[in-house]
Amino acid sequence: MTNPILETRNLTKIYGQNVIFKDINLKVNEGETIVIIGPSGTGKSTLLRCINLLTSNNGGQVFLDEKEITAKGHNEDEVRQQIGMVFQNFLLFNHLTALDNVMIGLTKVKKMPKDKAKEKAMEELNRVGLADRADHYPGQLSGGQQQRVAIARALAMDPRVMLFDEPTSALDPELIGEVLGVMAKLAKDRMTMLVVTHEMGFAREVADRIVFMEKGSIVEEGSPDDLFYHPKHDRTREFLWKITELYGKKEKEKGAKE
Amino acid sequence: MIAFFEFFVRFLPDMLKGAGITILLTAEGLSAGFVLGLLASLARVYGNKFIRGLAVSYIELFRGTPLLMQLFIIYYGLPGLGITFSREWCAFLALGLNSGAYQAEYLRGSLIAIGDGQMMAGRSIGMSRAKTIWYVILPQALRLAIPAWSNEPVSLLKSTAVVFLIAVPELMAKAKSIAAQTYDPIGTYIAVALVYLAMVYLLDAFLRWVERASRIPGFEMEGKKA
């Protein structure tokens, strides 16, 4: 077994009296897609933000390529270049075209010459199927297209790991498929991904492992088959049953598989 | 009517000379105020406690007291402390400092409106805070601020009139001397008012053009979609 790309050890986050999550131990191996599921308010999003240091933790460590990135004096900006993040509400830079959104990290952070940056950015837009929308501003794109540009923006930095924070939750049902499609393709290309989502179809088809989180801790983790068909905990079964019923209909409507 | 027209034409060169100084003072005050206001708003939104406190003190002090008083303190008060500036410098300082406090508040509003999301997005691709502010937040915040901020040039242009009290020869000072010279205060002030109106009209047209030119496609204000 190879060493994990990303690892959290006893990662803990507390707001005041409120324990968001406690002692989270997670290992992500190279090329793996891990899907985190669980009820709202169990700290899944905060966990992702703690991993790429957008939020500070209250204990524990995060390792990227076996180096502790939570150590004092570690350069946060460098860490975030290596950990891509996709947000629920896209958060594209609204004053820039799709192309410039993808380019800005290359020119301003990586100091790449403009022509090379443009070439690379077009490659990434092509990868998410939006090369023909390069000159459009975010306001001129659909939600699904915006999210795909956001994925391209993160990919352009050549990250070691990609974090997805409910990437389809803000989308109309008919636009979810195109984003999940791009993500499934990334997973197939062996991009290392950590995905928080309620899309059970995606979890079942694409995930190598599913992590079920509730009330700030990991209840159970395992392969999709294990969790869906042989869950060890009643809570897991209950949650999956409820959410599959809730989302199942929608997924059937849009043809489930991507 | 014809008499007024002749009067207007006769004193137009004089009034334009004053108007030139008025415009110069407005441009200087606005520019200095913009730099100060930008720094103060950034300090107030993104600074630590100490820096924020400094910015708030500056803003409240200059928004909370009359411009005329600020001008008098700089012109009559500072020499008592051994600091003396020329009249023009005093006018420039008072207008710049005063305008900066107002501009800081216009900009602060739009910095907050742009929100934490854009900051988070910038940080997520490895940009530093400063870079994100410079490349992501400010280009959007400045555009967003234009409609409200457009009040400031117009308001400042008219506020420059107070500096005639320290004998800077701008348009209002010219009005005073023309009125004294012709014994026709009503005609004079109407003529001068027309010159102010014309300047404000042109300034407004220019500001509207800036607003249009800087618009981002698909990023119009809510409910104002073209």
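The values are calculated or read from the model by the stated rules, or taken from the named source; none is laboratory data. These figures come from a predicted structure and were not determined experimentally. Reconstructed Cβ throughout: ideal geometry from the backbone, glycine too, with neighbour counts over all protein chains shown. Keep in mind that these areas ignore ligands, DNA and RNA; they rest on the heavy atoms of the full protein, side chains included. Shrake-Rupley method; radii C 1.70, N 1.55, O 1.52, S 1.80 Å.
A few notes on this one:
- Efficiency of FRET between residue B:186 and residue B:129 - r from beta-carbon atoms, R0 51 angstrom, step 0.05: 0.30
- Prolate/oblate/rounded call for the range A:136-209, Cα gyration tensor, a/c under 1.5 rounded: oblate
- Per-residue mean of foreign Cβ neighbours for A:86-97 is 5 (Cβ atoms of other chains, 10 Å radius).
- The per residue volume of the convex hull around the alpha-carbon atoms of the range B:78-182 is 128 Å³.
- FRET efficiency estimate (nearest 0.05) - Cβ-Cβ, residue A:244 to residue A:170, R0 35 angstrom: 0.95
- Cross-link pairs exceeding 18 Å in C-alpha to C-alpha distance, out of A:72/A:111; A:27/A:67; A:13/A:44; A:22/A:215; A:111/B:131, comprise A:72/A:111.
- Residue-averaged 222 nm ellipticity for chain A, from DSSP H runs of 4+ at -39500 (n - 2.57), nearest 500: -11500 deg cm²/dmol
- Gyration tensor (alpha-carbon) shape descriptor, chain A, a/c threshold 1.5: oblate
- Given R0 = 51 Å, the distance between the Cβ atoms of residue B:49 and residue B:9 translates into a calculated FRET efficiency of 0.30.
- Whole-number Å³ per residue for the convex hull built on Cα positions in the range A:99-140: 63 Å³
- Low-density loop positions, GluC sites (Glu not before Pro), the range A:39-96 - DSSP coil, at most 10 other Cβ in 10 Å: A:66
- Cα centroid of the range A:34-61 to Cα centroid of the range B:3-18, whole Å: 72 Å
- Probe 1.4 Å, all protein chains present, accessible-area order of B:84, A:70, A:236, largest first: B:84, A:70, A:236
- Scaling the Cα radius of gyration of the range A:55-163 by the globular reference 2.2 N^0.38 Å produces a ratio of 1.15.
- Prolate/oblate/rounded label for chain B (Cα gyration tensor, a/c 1.5): oblate
- Of A:49, A:237, A:148, the residue with the greatest mean-square motion in the GNM of chain A, using alpha carbon springs below 10 Å, is A:237.
- Pairs of alpha carbons in the protein assembly as shown whose separation is greater than 44 Å (percent): 34 percent
- Computed from Cα atoms, the angle from the helix B:2-46 axis to the main principal axis of chain B rounds to 20 degrees.
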